[in-house]
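What follows is a single structure, written as structure tokens, with notes after it.
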Amino acid sequence: MNDSPLQVLTLPTSPYPDQRPGTSGLRKKVHIFQSKKNYLHNFIQCIFSSIDLRDRQGSTMVVGGDGRYFNSTAIQVIVQMAAANGVGRVVIGQNGIMSTPAVSCVIRKIKAIGGIILTASHNPGGPDGDFGIKFNTANGVIGPYVKKILCEELGSPANSAINCVPLENFGGCHPDPNLTYGADLVETMKSGQYDFGAAFDGDGDRNMILGKHGFFVNPSDSVAVIAANIFCIPYFQHTGVRGFARSMPTSAALDMVARATKIQLYETPTGWKFFGSLMDAGRLSLGGEESFGTGSDYIREKDGLWAVLAWLSILAVRRQSVEDIMTDHWRTYGRNYYTRFDYEAVDLDAAVEMMLDLELVVSDKAFIGQVFTVGEKKYQVEAADNFEYSDPVDGTISRNQGLRIIFKGGSRIIFRLSGTDSFGATVRLYIDSFEKDLSKLFQDPQVVLAELVTIALQLSQIHERTGRRGPTVIT
Ligand code: VG1
Ligand code: CO
């Protein structure tokens with residue numbers, strides 16, 4: 001930069017009502033960012049304005065994204081606005097690319113004031129896809145990291161890293177690592193040629209773990225396995241273990257390990273930010289969400305590659321297959337059968353109305369004790385509520401975090417509206433059921449949970465209300 005000071009312009013603008021951040025920042029269709037005047041600028045200015053002026057002046061800020069369409073355009077705007085807002089230094093990932101966990105790591109390393117991450121994470125990219133902005137405070141793509149760590153450092157063959165060149169539309173692939181969008185990997189693994197497979201989302205904070213022949217590790221189980229084998233991981237040998245946490249819709253598999261090891265367990269609302277607060281207070285070492293997020297307190301984000309390295313450490317110590325480790329785990333702790341149905345892009349009004357009606361049903365006193373009979377199975381309601389969380393560190397209360405119906409024996413039905421969708425509403429229906437009978441540990445979750453699904457569909461009337469015949473994605 002030369003000596004002549006840059007001119008700072010002050011321009012009038014007004015907010016749009018749909019610019020409210022959700023579970024993890026703001027997500028909208030790319031064309032919204034392109035067509036609505038100052039749409040990006042408004043949100044970025046709000047981020048800067050949220051930082052006290054004294055902290056902002058001369059501060060360092062991290063900026064990076066998952067390389068999706070609109071990434072570089074947005075970075076140009078952010079850099080200019082950062083300068084105008086008094087930020088002293090902006091650290092940008094090479095070619096504007098940085099994963100969410102990497103941003104979290106750099107923020108901590110260089111003591112930056114925060115980081116702006118340009119990603120819509122697991123939502124599709126490209127001109128017709130989604131764009132998003134996350135802001136991580138001081139507490140807090142993936143491809144280049146996979147190549148560097150798994151191939152260059154750990155010596156995996158180069159062809160074991162697939163789809164690792166960042167592309168603006170992710171090569172037409174959907175960046176959500178689950179059985180539907182990661183079906184190619186599952187197919188490849190079925191051949192039996194590989195012992196271990198993993199997939200990540202666009203910004204690298206999610207992971208899906210597969211064993212030989214495509215054996216699927218449910219994310220709720222994954223965090224429980226890591227917890228049960230935590231001292232196979234050198235990091236925890238040094239730091240010890242302070243606490244475990246899972247989001248409310250995540251199955252109670254982790255609770256079983258916490259109980260057996262007498263380690264404190266926290267049940268938080270959906271979204272990693274709740275773990276961050278516990279980690280800052282030194283109360284939490286390992287956390288996981290059913291939505292393919294796993295991570296530890298070395299940063300303040302979930303980290304897909306960390307989860308893979310954690311699993312590889314366990315495999316290296318136990319010298320067993322992924323499937324053997326998982327089935328051993330079920331024999332020891334019992335199995336939490338789990339499924340999630342996502343109804344994406346349904347009519348917003350219909351979804352909101354459904355949630356309001358359901359809340360009336362579950363909050364009626366007469367609902368407790370009610371028995372649902374489907375075929376030969378009976379389920380009696382033990383408790384039901386709209387999940388509320390009081391942060392044990394600062395006492396902040398988060399309400400309206402999902403409708404829970406808990407049956408005798410621990411089976412659960414949960415309804416939530418997504419906070420990361422970019423269009424209409426996404427309804428998430430989570431169902432789980434605990435089984436400890438050794439002869440019933442190896443069944444298809446969809447078969448085991450079929451009756452609970454029937455109850456959930458009847459109670460909510462979701463198909464009738466949304467005009468859908470089934471979910472968009474089943475996990
Ligand atoms: C979803 C997941 C949640 C996750 C969030 C951000 O939120 O359910 O567990 O923390 O995405 O993930 P929602 O509100 O749509 O259910 V991502 O990889 O930003 O980064
Ligand atoms: Co993500």
Consider Ile325 carefully, then state whether it is under 17 Å from Pro234 (Cβ atoms), away from ligand 2 (no atom under 16 Å from the Cβ), surrounded by fewer than 22 Cβ atoms within 10 Å (Cβ to Cβ) and among the β-branched types (Val, Ile, Thr).
no
So Leu185, is it aliphatic (A, V, I, L, M), at pLDDT below 90 and not in a helix (DSSP H, G or I)
no
If I filter the stretch 282-306 down to residues being modelled with pLDDT of 95 or more and among the aliphatic types (A, V, I, L, M), which single residue comes out as nearest to the chain's Cα centre (by Cα)?
Leu286
Wholly enclosed strands (runs of 3 or more DSSP E) of the stretch 189-282 bearing at least 2 residues within 16 Å of ligand 2 (Cβ to nearest atom)
196-200, 207-211
Which residues, counting only those in the stretch 171-182, are of a type outside the set (Phe, Trp, Tyr) and outside any helix (DSSP H, G or I)?
Cys173, His174, Pro175, Asp176, Pro177, Asn178, Leu179, Thr180, Gly182
Of everything in the stretch 115-156, what is within 18 Å of Ala102 (Cβ to Cβ), among the polar types (S, T, N, Q), within 13 Å of ligand 1 (Cβ to nearest atom) and not in a strand (DSSP E or B)? Give them in sequence order.
Thr119, Ser121
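The values are calculated or read from the model by the stated rules, or taken from the named source; none is laboratory data. Remember, it's a predicted structure, so these values are computed and weren't measured experimentally. Positions of Cβ are generated from backbone atoms using ideal geometry, with glycine treated the same way; all protein chains shown enter the neighbour counts.
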